[in-house]
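Quick notes on the structure that follows.
The values are calculated or read from the model by the stated rules, or taken from the named source; none is laboratory data. None of these values were measured; they are calculated from a predicted model. Here the Cβ positions follow ideal geometry from the backbone for every residue, glycine too, while neighbour counts run over all protein chains shown. To get the accessible areas, we keep the full protein, side chains included, count just its heavy atoms, and leave off ligands, DNA and RNA. Shrake-Rupley method; radii C 1.70, N 1.55, O 1.52, S 1.80 Å.
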Amino acid sequence: MSNSIEISQKEILDEFSEKFKGELISPQNPAYENTRKVYNGMIDKKPRLIVKCVDVADVIAAVNYGRDANQLTAVRGGGHNAGGLGICEDGLVIDLSGIKYIRVNPADNTVRVGGGNIWGEVDHATYPFSLAVPSGIISTTGVGGLTLGGGIGHLSRKYGLTIDNLLEADMVLADGSFVTVNQNQHTDLFWAIRGGGGNFGVVTSFKFQAHPVKTVYAGPTLWPIEKTVDIMEWYHGFINNAPDELNGFIATLIIPGPPFPPHLHNQKFCGIIWCYSGDVKNGPEIFKPVMEMNPLFEHVGEIPYPSVQTLFDGMMPPGLQWYWKADFFNHIQPEAALIHKKFGSEIPTPLSQMHMYPISGAVSRVGKNDTPWAYRDAKYAGVFVGVDPDPENAEKITSWSKAYWNALHPYSAGGAYLNFIMDEGQERIKASYQDNYERLAKIKNKYDPNNFFRVNQNILPAE
């Protein structure tokens, strides 16, 4: 019996190989070891086959093969996902990195982007047109994963989440069919992908609304970690009353080295990374209240927007060990600020850090049921990341992240930004979607009743 199964599997693979234009990478391929790596070096999974698609026809063929061969299937765009959800053990990986194209339409300020692009490529293409699409804070992040999970970044308070700027998407569904989704076509599916992750199909193309952004007034301000409580109290009042054009996420961190000056290296700080996307001439006036807080270090000024997006690329290359925990927060209470000070003073490795991203402003003016992204009324998306290049330190960074999260979780709003967590199970996913989960589960059942797309923050099909 096993022999006949093997033969049929081989026949399915042979038929797929004849239809596939891209590259098939098996464990015997010299490129396999490098290709299977994802951004998080803590993830070490060995798929049976990686297929590097070059067009939509390849994606359709790959989905049909994965389904017909009953293969556990992961979809990879940029490979940045915290939990390594762009890879799977002993299964099929549909790699979209060969599907790259960007077309900027200055007539209506829209941008069409391939499913395999990364955000730095989008910024490069839009910058000459004085445009930007709201995205994250690391330019090597994949467009697909960040978008489908929500998309928090430097422009969120002014222009909303990335999903709030998604106009249309092309998708390959679990049955191998191809659809275009927008406000007029497959509206249920269009709703679901704006925060519902990779649960509903493979997105091969995105169309975004871009906005006028070219030079911004941006950069870091740092205070000694001992001042964390005072700075957080001031920040909570300041950022939530600031003009939408001003974004700044607050952090506890260590300065690991260049480009910061030597006297700051290996010191612990409470820092804020700012980005003001209004008229840069107003920058000095906007930042007066910030400078009145007497930062120990500041490097805020005019800078091209793509340069803000790449500020951390050098410090955070692919392959580091990462452990992620996250929560939404409505406030920064004094008791919580004391916890931030405590764990900020105990950061275990130079790259480990905590960020709190403001999700006020434009983000909060979208209804909590208008997209699956339910925490529109929260003030911050917090993330606690243990980071280090050495696998020997994996336990150290994991323990710190968990302890930090455990101490603050009682002050949280309940769920988490799902792009910021690893595998934490169904209840955590349900808590993060709140009352949108049931609707998502029904749409999942309609388009993927057998849960073919399950290597993700999985939404189970409604029964």
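Of note:
- The requirement of being in contact with a strand residue (DSSP E or B) (Cβ under 7 Å, 6 or more places away or on another chain) and either assigned to a loop (DSSP other than H, G, I, E, B) or surrounded by fewer than 21 Cβ atoms within 10 Å (Cβ to Cβ) (or both) is not satisfied by Glu285.
- Set Gln434, Gln457: member being in a loop (DSSP other than H, G, I, E, B) and either at pLDDT 95 or above or open to solvent by 30 Å² or more (accessible area, probe 1.4 Å) (or both): Gln457
- Matching helices (runs of 4 or more DSSP H) fully within the stretch 1-78 where at least 3 residues are within 29 Å of the chain's Cα centre (by Cα) and in contact (Cβ under 8 Å) with a residue 12 or more places away in the chain: 56-68
- Among the candidates Ala416, Ala362, Ala374, Ala381, residue that is open to solvent by less than 10 Å² (accessible area, probe 1.4 Å), closer than 27 Å to Ala337 by Cβ, touching a residue at least 60 places away in the same chain (Cβ under 8 Å) and not in a loop (DSSP other than H, G, I, E, B): Ala381
- For the stretch 337-351, filtering for residues that are out of contact with any Leu (no Cβ under 8 Å at 6 or more places or on another chain) and assigned to a loop (DSSP other than H, G, I, E, B) leaves 5.
- Options Gly120, Gly83, Gly77, Gly66; residue that is modelled with pLDDT under 95 and open to solvent by less than 50 Å² (accessible area, probe 1.4 Å): Gly83
- Just one of (1) among the hydrophobic types (A, V, I, L, M, F, W, C); (2) assigned to a strand (DSSP E or B); (3) free of Cβ contacts under 8 Å to residues at least 40 places away in the same chain fails for Val104. It is (3).
- Residues in the stretch 125-140 that are touching a strand residue (DSSP E or B) at 6+ places or on another chain (Cβ under 8 Å), open to solvent by less than 20 Å² (accessible area, probe 1.4 Å) and either under 18 Å from Pro372 (Cα atoms) or assigned to a loop (DSSP other than H, G, I, E, B) (or both): Val133, Pro134, Ser139.
- The stretch 3-41 - residue that is touching a Phe, Trp or Tyr at 6+ places or on another chain (Cβ under 6 Å) and not β-branched (Val, Ile, Thr) and, of those, farthest from Pro391 (Cα to Cα): Phe16
- Against the numbered list (1) in a loop (DSSP other than H, G, I, E, B); (2) surrounded by 18 or more Cβ atoms within 10 Å (Cβ to Cβ); (3) not hydroxyl-bearing (Ser, Thr, Tyr), Gly314 comes up short only at (2).
- Checked against (1) in a loop (DSSP other than H, G, I, E, B); (2) open to solvent by less than 30 Å² (accessible area, probe 1.4 Å), Thr398 meets all criteria but (1).
- Wholly enclosed strands (runs of 3 or more DSSP E) of the stretch 164-274 bearing at least 2 residues under 30 Å from Lys430 (Cβ atoms) and open to solvent by 20 Å² or more (accessible area, probe 1.4 Å): 166-172
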